[in-house]
Amino acid sequence: MGEINVAELAVIGSINMDVVNRVEQHPLPGETVQGKQTSYHPGGKGANQAVAAARAGASVRMAGAVGEDSFGPVLLGALAEHGVQTDSVQRLPGTSGLAFITVDAAGENSIILSAGANGEFTPGRLRSVWDGLAECSAVLLQNEIPWDTTFAAMKRAKERGMRVYFNPAPALRPPLEAYPLLHSLILNETEAAFLTGSALPDEERETEAVQKLIARGAESVILTLGARGLVYGDRYGSAFRLPAYRVEPVDTTAAGDTFIGAYAAARQRDDSVEASLRFASAAAAIAVTRSGAQESVPERGEIAAFLRERSPFL
C-alpha cells in the first residue's frame, strides 16, 4: 500500500449523454409543447462533478461505465479533454446512460434518466478497478449508479482513510449505517426533505434538517438552497448560513454538480470550510449563466477572478 496522494480525488458515478430540449415552459401532464432547440451534451452527475473538480484544480480519476455505442467514445473524450483520468471507466455492452433534460425560459430544468451502462456498474466491477482508486485521498459519490456499488465504495474508502463526499441525488434513503462513513453530505432541500421525512418551509426547519442528518452520524452537512444560498453544520458545533451570489440564470442544469465538485476540490487542497463554500458558490453562480452541463463549468482562474471582482455575495 503506497502513500496517499492528497491531490487526487476519485469520483465514482454516472456518465451520461444529456439530450437537452429547450421550451418556453414545461408541459403539464398530457400536454404537448413545441421545442425551441435540441442539443447533445456530455453529462451525468458523476462525470459533471469530476469535470467540476478537475476544472477547479483537483487531480481527478473517474470510475464508472459507458456503453459500446457511439456515445461511449464521445463521453470518454469529453472527460479526458477536461483533465479527468478515465482508465477506471469501463466500456460495457449496450447503451451509455442517457438524460433527457427539458429547460424552460427561466432556466429551470426537469430530467428523465435512462441508466444504461451506469446501471451495470456493480460492486464486482468496482472491485476490478479499485486498485487504481485506492491511492486517492477522497472519494466523491452520488446516486446514479447502483446503491450497492455506492455503499461498497463508501466502506472501502472509509477503511482506507479517504474522505467520503456524498451527494444523495437522485434522492434515495441510505441505511443509517452509511451516515458515519460520510465526511460531507451535500444535498438540496428536496433531497433533505426526502431523507428526513419533513418538508422545509422555513429557516428553522432547514436548520433542524441539517442537525438531524448530523445526528445520524455524518461529519458535516451542506444544505444547498439555490438562489437562497446554503446552510452548513457539522458534528463539532459549527453552523452558519451563506447567501448565494446574485446572477441572471440561463441554465441551472449543472449548478449543483459544479458546486459539489468545486467544494471537494477546494477542501482537498486544505482550504477552510467557509472559503471552500464561497469558492463553490462562486463556481455554481458562474455555471448558471451558461448553457449545458460540463460546458458551463468554470475553471479555477475564472472562479478566483469572480471572487476578486465581487464583494461577498453581490
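Worth pointing out:
- Ile214 falls short on exactly one of the conditions (1) in a helix (DSSP H, G or I); (2) of a type in the set (A, V, I, L, M, F, W, C); (3) on the phi > 0 side of the Ramachandran plot, and that condition is (3).
- Looking across the range 249-287 at every residue that is β-branched (Val, Ile, Thr), surrounded by fewer than 24 Cβ atoms within 10 Å (Cβ to Cβ) and farther than 25 Å from His183 by Cα, the one that is farthest from the chain's Cα centre (by Cα) is identified as Val250.
- Beta carbons closer than 6 Å, at least 6 apart along the sequence or on distinct chains, pair a first residue in the range 200-224 that is free of Cβ contacts under 8 Å to residues at least 60 places away in the same chain with a second that is in a loop (DSSP other than H, G, I, E, B) for Glu206/Leu200; Ala209/Leu200; Ile214/Arg235; Ala218/Leu182; Glu219/His183; Glu219/Arg235.
- Residue match in the range 184-192 (condition: out of contact with any Asp or Glu (no Cβ under 6 Å at 6 or more places or on another chain), of a type in the set (Ser, Thr, Tyr) and over 24 Å from Ser128 (Cα atoms)): yes
- Among the criteria (1) in contact with a helix residue (DSSP H, G or I) (Cβ under 7 Å, 6 or more places away or on another chain); (2) modelled with pLDDT of 95 or more, the one Val273 does not fulfil is (1).
- Ser128 vs. criteria in contact with a Phe, Trp or Tyr (Cβ under 8 Å, 6 or more places away or on another chain), within 20 Å of Gly67 (Cβ to Cβ) and at pLDDT 95 or above: no
- Yes/no for Arg55 being in contact with a His (Cβ under 8 Å, 6 or more places away or on another chain), closer than 19 Å to Ser291 by Cα, among the charged types (D, E, K, R) and surrounded by 14 or more Cβ atoms within 10 Å (Cβ to Cβ): yes
- Listing of strands (runs of 3 or more DSSP E) fully contained in the range 61-141 that carry 3 or more residues being over 20 Å from Lys155 (Cα atoms) and of a type in the set (A, V, I, L, M, F, W, C): 97-103, 109-114
- Single residue of the range 84-113 satisfying the filter (at pLDDT 95 or above and small (Gly, Ala, Ser)) that is surrounded by the most Cβ atoms within 10 Å (Cβ to Cβ): Gly97
- Counted residues, the range 13-37 - those being charged (D, E, K, R), in contact (Cβ under 8 Å) with a residue 24 or more places away in the chain and over 14 Å from Phe71 (Cβ atoms): 2
- Flag if Ala117 is at pLDDT below 95, under 19 Å from the mean Cα position of the chain (by Cα) and crowded, with 21+ Cβ neighbours inside 10 Å: no
- Taking the listed residues Tyr245, Tyr236, the one that is assigned to a loop (DSSP other than H, G, I, E, B) and surrounded by 15 or more Cβ atoms within 10 Å (Cβ to Cβ) is Tyr245, with no other qualifying.
- Within the range 157-177, the set of residues being buried (at least 20 other Cβ atoms within 10 Å of the Cβ) and assigned to a helix (DSSP H, G or I) comprises just one member, Ala157.
- Here Asp69 meets each of (1) in contact with a Lys or Arg (Cβ under 9 Å, 6 or more places away or on another chain); (2) more than 28 Å from Arg300 (Cα to Cα); (3) of a type outside the set (Ser, Thr, Tyr); (4) buried (at least 16 other Cβ atoms within 10 Å of the Cβ) with one exception, condition (1).
Per-residue answers, yes or no, for (1) among the polar types (S, T, N, Q); (2) over 23 Å from Val164 (Cα atoms); (3) without any contact (Cβ under 8 Å) to a residue 40 or more places away in the chain:
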{"position": "Ala10", "(1), (2), (3)": "no, no, no"}
{"position": "Ser39", "(1), (2), (3)": "yes, yes, no"}
{"position": "Lys45", "(1), (2), (3)": "no, no, no"}
{"position": "Ala53", "(1), (2), (3)": "no, no, no"}
{"position": "Ser59", "(1), (2), (3)": "yes, no, no"}
{"position": "Val66", "(1), (2), (3)": "no, yes, no"}
{"position": "Val74", "(1), (2), (3)": "no, yes, no"}
{"position": "Glu81", "(1), (2), (3)": "no, yes, yes"}
{"position": "Leu98", "(1), (2), (3)": "no, yes, no"}
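- In the set (1) over 19 Å from the mean Cα position of the chain (by Cα); (2) under 28 Å from Ser220 (Cα atoms), Ala138 fails one condition alone, (1).
The values are calculated or read from the model by the stated rules, or taken from the named source; none is laboratory data. Only a predicted model underlies this, so the values are computations on that prediction, with no experimental measurement involved. Cβ sites come from the backbone with ideal geometry, for glycine too, and all protein chains shown count toward neighbours.
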